[in-house]
Amino acid sequence: MNRLFSSYKQRLVLAIVLGVLLYLFLGQLENMLSLRNALVHYGLEIASAVIAVFFFIFEETYAAFRRRQGSILATIIDALRRISAGDLSVQLPEAGGVELSKIGKLTNQIVANLKDDISKLKKLERVRSEFLANVSHELRTPIFSIQGFIETLIDGAIDDPGVNREFLQKAYEHSERLNNLLNDLIEISRIESGEMRMSFRYFDITEFLRTIIEEMIPKAEKKSLRIENRIISQEVLVLGDKERLRQVMYNLVDNAIKYTDSGGIIEVGFVELPDSVRVFVRDTGSGIGKEHLARIFERFYRVDKDRSRSVGGTGLGLAIVKHIIDAHKSKVDVKSELGEGSEFSFLLKK
Amino acid sequence: MHRHFEDLLETLRANLIKMGSLVDEQLDLSFRALHDGNVEATNRVYETEQKVNGFDNLLDKEIDEIMALEQPVAADLRLVLSAIKMNHELERIGDVAVNIAQRVEPLRDYPQLVHRTAILEMGDVARQMVHDSIDSFIHADAELARRICRQDDVVDEMNRQKFRYVIGEMKSSPDLIEPGAHLIVALKHIERVADHATNIAEDVVFLVDAKIIKHHAADIGE
């Protein structure tokens, strides 16, 4: 019907024809029923006209509605075509009938989700390529150093008693650094791939920290640093993966030793709270600037590139620490003042 | 579920983990003492045994209280039933650790025989099974628990091989008959440790999946 009477004129003619037919039909009906009343006659005439006019108005409104829906559908189809071609800048009108506005809203939501996913993937890709670039750079540095010392030795320095031992020692130190870096890389990839399962056990934090302190004292003394034991309680059982936490404590104390100048003090201990203990490592070292605090747990993030290189870290220590503490459903808190020192702490469940 | 009941179950879980942590450590101490012939180190095994027994009584009391006052159902009931069995298995592993520690002195003067038998090789597998079974309980990991059940055959085979080796040594030298007998007993104890770990793993599968797999009641490879 709409195709046959798609134009305004056609619909007008149709309404007039309908009105005339209705009028004739009602005239016949009037004759058949022998109604000879002027009031009835005029009434029937007016009724025919009114019905014809209402029919025309209805047809017009319906046609307008169809036109509008049609144009919205065309917009949606066009938008979907553009989306399938990869154009995500499309924004659909959230108008029209209830269903059409729902389609518009949902499509916009799908596009927004797609945009989010794509930007996440891009970020991941960027992090991955940055990580690879960092890894190759970090691996290359010790390899070049080792090659350099060995080449110098081959070129004759091996017979020079003044330097040969020293060069070998340095090459060995760099190979050790390479080994540490590879171990950390293996560790971090195991943690991130979820391959590493935590073995949570209850253990005595007092004895645990005392052992760590004892083991780290020689390293601190080499740099004329003092490690102070701040443990005041007797046996306190905490829940955690002892071996992984040992790694956390080694990393934190080792960092404190690296970034504290001779004569400084490192404090290790814990504070007992009602349901947990807060384990801390404090130092009187160089401190970390506020702008770096949020980023120090990122892999290979360096606050001071030159200094980090000279102290010989792998750049992965704090990333590993963060992963392990996260796996304990806890969080590493850092307080630091430039030139004053830093405090790293985390909670463990009792 | 009201707060008090939740707290009771949480305390029960925490105490089971505490007991498991002690048993895990106790086993490590006794195996190392056996390998190193270190009689002094066994003192700590005996000390830990006191604590393990304390937990055994404590858990019994807690389970009685939950059963009598709370009448748990479904998953909560499975936790309590598993706790009864795990408590028993852990306490038995503690006893076996003491039994192994008691073999340290008679074998102290025969380190070569102990090392040649590579008793620690079998001990490591059994201890790892106990370690993993406790982990599977903590993480509610039925997959890991099923893997532990399959490991039991490895320990059984090791036991047979090492038994034959020790018998061979005993036949070749009468001096080795007495330490050999002690070593066979120690091997049997280690084999029992693996059995207890398997039982715990079976309990964990029951706890997590509500399936009974002991005595091959269900296909453990599923």
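The values are calculated or read from the model by the stated rules, or taken from the named source; none is laboratory data. No experiment lies behind these values; they were computed from the predicted model shown. Cβ: placed from backbone, ideal geometry, glycine included. Neighbour counts: every protein chain shown. All accessible areas refer to the heavy atoms of the entire protein, side chains included, with ligands and DNA or RNA removed. Shrake-Rupley method; radii C 1.70, N 1.55, O 1.52, S 1.80 Å.
Structure summary
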item	result
Charge context of A:Gly287, other residues only, Cβ under 12 angstrom, K/R +1, D/E -1	-3
MRE, 222 nm, helices only [DSSP H, n ≥ 4, -39500 (n - 2.57), over the protein assembly as shown, to nearest 500]	-24500 deg cm²/dmol
Dipole magnitude of the stretch B:3-216, debye to nearest 20 (Cβ charges: Lys/Arg +1, Asp/Glu -1, about Cα centre)	620
Lysines whose Cα lies under 29 Å from that of A:Lys115, excluding same-chain neighbours fewer than 8 positions away	A:Lys102, A:Lys105, A:Lys123
The stretch A:1-101: Cα Rg divided by the 2.2 N^0.38 Å rule of thumb	1.76
For the stretch A:40-175, with +1 on Lys and Arg beta carbons and -1 on Asp and Glu, the positive-most of A:Ile158, A:Ile103, A:Gly86 along the dipole	A:Ile103
The stretch A:201-349, relative contact order in percent, only Cα pairs under 8 angstrom and at least six apart counted	25
All-pairs Cα distance distribution in the stretch A:201-349, expressed in whole percent, bin size 5 Å	2, 10, 19, 24, 21, 15, 7, 2, 0
Relative contact order of chain A, pairs being alpha-carbon contacts under 8 Å that are 6 or more residues apart, as %	12
Length-normalised contact order of chain B in % [C-alpha pairs under 8 Å, at least 6 apart]	25
Residue-averaged beta-carbon neighbours from other chains (10 angstrom radius) around B:131-144	2
Per-pair calculated FRET efficiency, R0 = 60 Å: A:Glu272 and A:Arg66 via Cβ, rounded to 0.05	0.20
Residue among B:Phe55, B:Asn38, B:Pro179 farthest towards the positive dipole end of the stretch B:3-216, charges placed on Cβ	B:Pro179
Protein heavy-atom accessible area occluded, B/A pair - total, 1.4 Å probe, Å²	1000
Cα-based Rg and Dmax for chain A, where Dmax is the largest Cα-Cα distance (Å)	40.7, 141
Solvent-accessible ranking of A:Met32, A:Met249, B:Met158, largest area first, probe 1.4 Å	A:Met32, B:Met158, A:Met249
Charge dipole of the stretch A:8-90 about the Cα centre (unit charges at C-beta), most positive-ward option of A:Ala15, A:Leu29, A:Val50	A:Ala15
Simple Cβ-charge dipole of the stretch A:8-90, Lys/Arg +1 and Asp/Glu -1, about Cα centre, in debye nearest 20	260
Shape parameters for chain B, alpha-carbon atoms, Rg then Dmax in Å	18.9, 68
Spacing of the two label points (7 Å from each Cα toward its C-beta) at B:Glu121 and A:Glu94, in nm	6.9
Per-pair calculated FRET efficiency, R0 = 45 Å: A:Arg197 and A:Arg165 via Cβ, rounded to 0.05	0.50
Under 18 Å from the B:Lys214 label point (7 Å along Cα→beta-carbon), backbone N, the stretch B:40-61	B:60
Among A:224-231, B:182-189, A:61-68, A:87-94, the order from most to least packed when residues are scored by Cβ within 10 Å on average	B:182-189, A:224-231, A:87-94, A:61-68
Under-5 Å amide H pairs with A:Glu267, H placed in peptide plane, nonlocal only	A:Glu228, A:Arg282, A:Asp283
Full-extension gain in nm, A:Ser175 to A:Ser262, via 0.36 nm per residue minus C-alpha separation	28.7 nm
Cα centre as origin, Lys/Arg/Asp/Glu Cβ charges: the stretch B:19-74 dipole, Debye	160
Expected-Rg normalisation [2.2 N^0.38 Å, Cα atoms] applied to the stretch A:134-192	1.37
Cβ neighbours within 10 Å from other chains - mean over A:198-206	5
Separation in nanometres of the label points that stand 7 Å from Cα toward Cβ, at B:Lys61 and A:Ile232	3.1
Solvent exposure ordering (accessible area, 1.4 Å, most first) of A:Tyr301, B:Tyr110, A:Tyr8, A:Tyr202	A:Tyr8, B:Tyr110, A:Tyr301, A:Tyr202
